[in-house]
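Beneath this line is the structure, given in structure tokens, with notes to follow.
Coordinate-derived values only; no laboratory data. Computed from a predicted model, the values in this text were never measured in an experiment. Cβ: placed from backbone, ideal geometry, glycine included. Neighbour counts: every protein chain shown.
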Amino acid sequence: MPIYKAPVEDVSFLLNDVFQIDRYDNLPGFSDAPADVREAILGEAAKLSEEVLQPLNRVGDLEGCTRHDDGRVTTPKGFKEAFKQVAEGGWLGLSVPTEYGGQGLPGALTQAVNEFQCSANMAFAMYGGLTMGATAALMVHGKPEQKSMFVPKMVAGEWTGTMNLTEPQCGTDLGLLRTKAVKQADGSYKISGTKIFISAGEHDLAENIIHLVLARIEGAPSGIKGVSLFVVPKVLVNADGSLGQRNGVSCGSIEHKMGIHANSTCVMNYDSATGWLIGEENKGMQGMFVMMNEARLGVAVQGLAQSEVAYQNAVAYARERLQGRALSGVKAPDKPADPIIVHPDVRRTLLTIRAFNEAARAMVVWTALKGDVAHRSSDPKDRQAADDHMGLMTPVMKSMLTDAGFANAVQAQQMYGGHGYIAEHGMEQFVRDARIAMIYEGANGVQALDLVGRKLPRDGGRAAMSFFGEVAGFAKEHGADEAMKPYVAPLSAALGHLQQATTWLMQNALTRPDNAGAAASDYLHLFGLVTLAYMWARMVKVARDKIASAGATPYLTSKLVTGRFFMERMLPETSVHLARIQTGCATTMELAADAF
Ligand SMILES: Cc1cc2nc3c(=O)[nH]c(=O)nc-3n(C[C@H](O)[C@H](O)[C@H](O)COP(=O)(O)OP(=O)(O)OC[C@H]3O[C@@H](n4cnc5c(N)ncnc54)[C@H](O)[C@@H]3O)c2cc1C
């Protein structure tokens, strides 16, 4: 049975010390979460994840979801009760404005809680995660009556939400979608078509499911410019808020898939279902982008979460599993062999995962705080800077954290040898569950194109220039400090690689766009490595200051060591990415399609 302990101390270090959340007290909702309240929330979230959600992870994987002949879908044993507990505990609405029944607390807290829940049970956490993505889109683009009708019930967990984009012939290229919307005399629309791969499309956790659906209004332009967004409830809602008739939407089947078995992945059939427009006609992507950006950060957290839980189990196993003797001499003479954690290659593997997890968690908290500023600050300049950061970092985090999340789950599985491959220890489930995060919410290769093609050049490169300036400023401020040199010097070198890669793209991508396409994934990973390194440098600076003022603790000392490991053993990959980028697209594009 896998173990899981929520990393509360690490989250508190990030919130309290590294990013000093108390500095944001002028933002609405922040003063309601002083240190003691945050500690209590994180403690309770940890308990819920460790004691309620984690024990259901294996049950969910084995049992999966079941579709019945009448189209109903039931979730695995225990899920209904656990969802009720999550909903009644107010966890879904932690950061939703109080006017919609939420608690209005910082989004950074919500992301920390998300990590705990996804580590404990990713398939379960998706039901709530999608609901919150749908409420975000409704809150930004919904009409007042749509907001008041749907959002409070969704925040309370009485109803859940979904996002319906994908169709058999259209995934990445949503301009190909065929689902049709026909305007009715009363202003509503009749929606017809088939959506596939819809997460949480049908289940038994809530009495209603609010589908956000992309469709093309009759006569609208072809391509992405003719796509609109609709809200389509599973059960129609009467004017007084009570539930009325069943709408014309049903689950045709559920997918049998590699992982996240406990999350129902549904084919959804819309058969003249009644829906209402969200936002303006033909501007559906604007509303959907709110949901997708929310969901992309959520998916990034899934990558980190699987990496973290896999790491914790791998460490526990490596401490116990006895094989061979340490190269430097016997370490456990009373035992027939040493625990495998003595072997350098095992330690290399574990540290690689750990050094990623801690910096990735910092990246999540940092970006979530920027999200809070972007949504809540009264200063337009602060809002714009935070929004720039979010735009730039969303594709980086989605891809970097999920690529590493999967790779790390595999590495953690490797620590178990053959025992990782069999189901008993749960390691293969982490690998299977982590895999989807690289695919959905925009496949990772497409995220890289978004970074290079859209986010980087946007507003004359303002967001990237601001990030480069911030990192360079940190390096300048702390570069002369002898103790910080092992961190700052590699960070500066890596930033130099990123700047060279950016210049290369500026000089070579416009004349030949395939140069940008062939460079995109390397560029994204180079960007991600520099960001993780910056997170490490900031964490180390704070850890050193705390050690100087209050003395060393094992937690703080390990930050210094793990940070050095990152700089020495992981960051040098930036030069490989730069070298690949600078070769251009020639060999990538040379072979004709039929020569592959
Ligand atoms: C378990 C599961 C849950 C899902 N949940 C949902 C959901 O809730 N709602 C929903 O709407 N969808 C959902 N999806 C669908 C998912 O978002 C899509 O599968 C994904 O966006 C990719 O689309 P596709 O499968 O059609 O692949 P395609 O778009 O056909 O892409 C295939 C490959 O080609 C690459 N590619 C495509 N276009 C380009 C390009 N222009 N440049 C470079 N590379 C390109 C992609 O990176 C990918 O590797 C889910 C899928 C799964 C498997």
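Between Glu51 and Gln323, full extension at 0.36 nm per residue minus the direct alpha carbon distance yields a gain of 94.7 nm. Modelled spin-label separation between Glu280 and Asp17, with each label point placed 7 Å from Cα along the Cα-to-Cβ direction: 5.0 nm.
Sorting Val227, Val342, Val235 on the 10 Å Cβ count, fewest up front, what's the list?
Numbers: Val227 25, Val342 21, Val235 17.
So the ranking, lowest neighbour count to highest, is Val235, Val342, Val227.
Its Cα gyration tensor gives region 447-596 an equivalent ellipsoid; the semi-axes, largest first and in whole Å, are 35, 16, 11. Label zone of Arg512 (point 7 Å out along Cα→Cβ, amide N under 17 Å): in region 555-584 this covers 579-584. Taking only alpha carbon atoms, region 507-596 gives an Rg to Rh ratio of 1.25, where Rh is the Kirkwood radius. Applied to region 402-408, the Karplus parametrisation 6.51 cos²θ - 1.76 cosθ + 1.60 on θ = phi - 60° returns per-residue 3J(HN,Hα) values of 8, 4, 5, x, 5, 4, 6 Hz, with x for Gly and Pro. Farthest towards the positive end of the charge dipole of region 173-332, among the residues Gly244, Ser228, Leu177, is the Cα of Leu177, using unit charges on the Cβ of Lys, Arg, Asp and Glu. The fraction of Cα-Cα pairs per 10 angstrom bin, counted from 0 for the chain, comes to 3, 16, 27, 27, 18, 7, 2, 0, 0 percent, rounded to whole percents.
Rounded if a/c is under 1.5, else prolate if a/b is larger than b/c, else oblate: which is region 87-173, with a ≥ b ≥ c the root eigenvalues of its Cα gyration tensor? Taking the square roots of the gyration eigenvalues as a ≥ b ≥ c, region 87-173 is oblate. So what is log10(I(q)/I(0)) for region 4-113 at q = 0.19 1/Å, when the Debye sum runs over its Cα atoms only? Values returned for q = 0.19 Å⁻¹ are -1.00.
Multiplying the residue separation of Lys335 and Glu9 by 0.36 nm and subtracting their alpha-carbon distance yields 114.0 nm. Counting neighbouring Cβ atoms within 10 Å and putting the fewest first, the residues Thr172, Thr511 line up as Thr511, Thr172. For region 159-278, the number of Lys pairs with C-alpha atoms closer than 25 Å, counting only pairs eight or more positions apart or on separate chains, is 13.
Relative contact order for region 361-455: what is it in percent, counting Cα pairs under 8 Å that are at least 6 residues apart? Walk me through the intermediate numbers first.
Details: 72 pairs, mean separation 25.5, N = 95.
Averaging sequence separation for qualifying contacts and normalising by length gives 27 percent for region 361-455.
With the convex hull of its Cα atoms as the shape, region 337-408 has an orientation-averaged projected area of 5.8 nm². Of the residues Leu456, Ala200, Leu48, the one whose Cα sits farthest towards the positive end of the charge dipole of the chain is Leu456 (charges of +1 on Lys and Arg Cβ, -1 on Asp and Glu Cβ, taken about the Cα centre).
Rounded to the nearest 20 debye, the dipole magnitude of the chain is 800 debye, with +1 charges on Lys and Arg beta carbons, -1 on Asp and Glu beta carbons, and the Cα centre as origin.
Its Cα centre serving as origin, region 304-424 has a Cβ charge dipole (Lys and Arg +1, Asp and Glu -1) of approximately 280 debye. Across region 128-142, rounded Karplus estimates of 3J(HN,Hα) from the backbone phi angles (6.51 cos²θ - 1.76 cosθ + 1.60, θ = phi - 60°) give x, x, 5, 4, 6, x, 5, 5, 4, 5, 5, 5, 7, 10, x Hz, Gly and Pro being marked x.
Give me Arg458, Arg435 ranked fewest to most by other Cβ atoms within 10 Å of their Cβ, as a rough exposure proxy. Before the final figure, lay out each step's value.
On the way: Arg458 14, Arg435 19.
Ordered from fewest to most neighbouring Cβ atoms within 10 Å, Arg458, Arg435 come out as Arg458, Arg435.
Would you please state which residues of region 405-434 a label at Ala316 would reach in this model, taking the label point 7 Å out along Cα→Cβ and a backbone N cut-off of under 17 Å? Those under the cut-off are 409, 412-417, 419-431.
Dipole magnitude of region 530-596 about its Cα centre, charges +1 at Lys/Arg Cβ and -1 at Asp/Glu Cβ only, in debye to the nearest 20? Please list the in-between numbers first.
Details: 8 positive and 5 negative charges, 127 e Å.
Taking the Cα centre of region 530-596 as origin, the dipole is about 620 debye.
Taking amide H as placed 1.01 Å from N in the peptide plane, the amide H of Ser253 sits under 5 Å from that of Val267, each at least 5 places away or on another chain.
Can you tell me how much longer the chain between Ser558 and Gln245 gets when fully stretched, taken as 0.36 nm per residue apart minus their C-alpha distance, in nm with one decimal? Please list the in-between numbers first.
Values: separation 313, 0.36 × 313 = 112.68 nm, distance 5.88 nm.
Gain in length upon complete extension: 106.8 nm.
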